[in-house]
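A.B. asks: First the structure, then my questions, so here it is.
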Amino acid sequence: MSQADPSAEIQVRSDKYLVNTALLIYDTLLTLPSEIKHIWCKNVKIGTILYLFARYLLMAFFVLAIYSSLSNMKCNTITHLARALQVPFVISVQGLLLARTYAISLQNQKVLGVLGLLILIPTIINVVCPCADFVTCLFWTIAISLVHNLMH
């Protein structure tokens, strides 16, 4: 068996981050006028804060991830900072998902409780063990199934 070329892996990873960052910046520029009108010029609420965290922490994460992958170092301050940005980003996205699902379910307390737990558990697992992507996918599958059953 042949070994994978580490420099090729780093190049693919940095290219992935570059493409994602370019798309995110393009989307931000396209929607900036609407964002200024509907987000920046309104009263600050928890939804506003969650939206801004979800939008701009992701961009900061991608920039740091690009720098980290190009520096060819697996464990440095930039890498740790990028990982630290993931937690508030994930929490803000999941908070938005939870709020929207709660509103769509006509403020069903069961949906809020079940989805809240199923968001909290994989978030804690991913903070403690960042390699646990399978567990997160499993919990999201269960969450979607349970919420679907509660709504019908």
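A.B. asks: What is the calculated FRET efficiency for Cys41 to Leu96, with r their C-beta to C-beta distance and R₀ = 22 Å, to the nearest 0.05?
C.D. replies: So the FRET efficiency works out to roughly 0.65.
A.B. asks: With each label point set 7 Å from Cα along the Cα-Cβ vector, what nm distance links Ile49 and Leu30?
C.D. replies: For the pair Ile49/Leu30, the computed spacing is 3.0 nm.
A.B. asks: From Cα coordinates alone, what are the radius of gyration and Dmax values for the stretch 10-62 in angstrom?
C.D. replies: Cα radius of gyration and Dmax of the stretch 10-62 are 13.4, 43 Å respectively.
A.B. asks: Give me the one-decimal nm value for the distance between modelled label points at Leu117 and Thr77, 7 Å along each residue's Cα-to-Cβ direction.
C.D. replies: In this crude spin-label approximation the distance works out to 4.3 nm.
A.B. asks: Moving on to the next point. What FRET efficiency do you get for Ser105 and Lys16 if R0 is 35 Å and r is their Cβ-Cβ distance, rounded to the nearest 0.05?
C.D. replies: E between Ser105 and Lys16, to the nearest 0.05, is 0.50.
Every number in this text was worked out from the coordinates using simple rules, so none of it is lab data. These numbers come from a predicted model, not from an experiment. Glycine gets a Cβ as well: all are built from the backbone with ideal geometry, and neighbour counts include every protein chain shown.
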